[in-house]
1. So, in Å, what gap is there between the alpha-carbon centers of the range 96-126 and the range 1-53?
2. Relative to a virtual label point 7 Å from the Cα of L40 in the Cα→beta-carbon direction, which members of the range 56-91 show backbone nitrogen distances below 14 Å?
3. In square angstrom, rounded to the nearest 10, how much accessible surface does I59 have for a 1.4 Å probe?
4. Quick one: Karplus J couplings for the range 99-116, per residue in order, coefficients 6.51, -1.76, 1.60, θ = phi - 60°, nearest Hz, x for Gly and Pro?
5. Rolling a 1.4 angstrom probe over the protein heavy atoms, how many square angstrom per residue are accessible across the chain?
6. What 222 nm value per residue comes from the helices of the chain, counting each DSSP H run with n ≥ 4 as -39,500 (n - 2.57) and dividing by all residues, nearest 500 deg cm²/dmol?
7. How large a share of the accessible area of the range 73-126, in percent, is made up of carbon and sulfur atoms when the probe is 1.4 Å and the other protein chains stay in place?
8. Please identify, among L65, L31, L55, the residue showing maximal mean-square fluctuation in a Gaussian network model of the chain using a 10 angstrom Cα cutoff.
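The values are calculated or read from the model by the stated rules, or taken from the named source; none is laboratory data. Here the structure is a predicted model, which is why all the values come from computation and not from measurement. Virtual Cβ from ideal backbone geometry, glycine too; neighbours counted across all protein chains shown. Ligands, DNA and RNA are stripped out before the accessible areas are found, and what is left, the full protein with its side chains, is counted by its heavy atoms. Shrake-Rupley method; radii C 1.70, N 1.55, O 1.52, S 1.80 Å.
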Amino acid sequence: MAAPPPPVPRTRPLGVTILAILTILAGIGLLLVGLLLIALGGLIGVLGAPMFGLLPAVIGGLVLLVGILLLVSGFGLLKLRMWAWWLAVISFVLAAVSSILSSSYIAAGIEVLLVVYLILVRKHFA
């Protein structure tokens, strides 16, 4: 009996690579913005207005969290991980809803197209 053929290595589509890199870059940007907002909130608090410093610090913490999630998702997309596919789809759907609510219809359209693209390339993820 002959041995079974070796499994075919998965290939990463160019679009997934580009999307992963852009997701990583967005994550880095949001990480920096989140840290800046936290620092701004701390500075305002130190200058004697702790209640006014709380809002930028809380928003900064949320932005920091989103940045970390995007970084993780981007690196997972590069490795073709299924959990990263789900994380990216959920992120883009939430971003599309947010864009629609803020009347940014072009951004919402782009995010919907990204979800459609991810659905089309899902077979490459494991």
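1. What the calculation gives is 17 Å, centre to centre.
2. Those under the cut-off are 56-64.
3. For I59, the solvent-accessible surface is approximately 70 Å².
4. 5, 5, 5, 9, 6, 9, 6, 5, 4, 4, x, 5, 5, 5, 5, 5, 5, 4
5. Dividing the accessible area of the chain by its residue count gives 65 Å².
6. -27500 deg cm²/dmol
7. Ligands and nucleic acids excluded, carbon and sulfur give 76 percent.
8. L55
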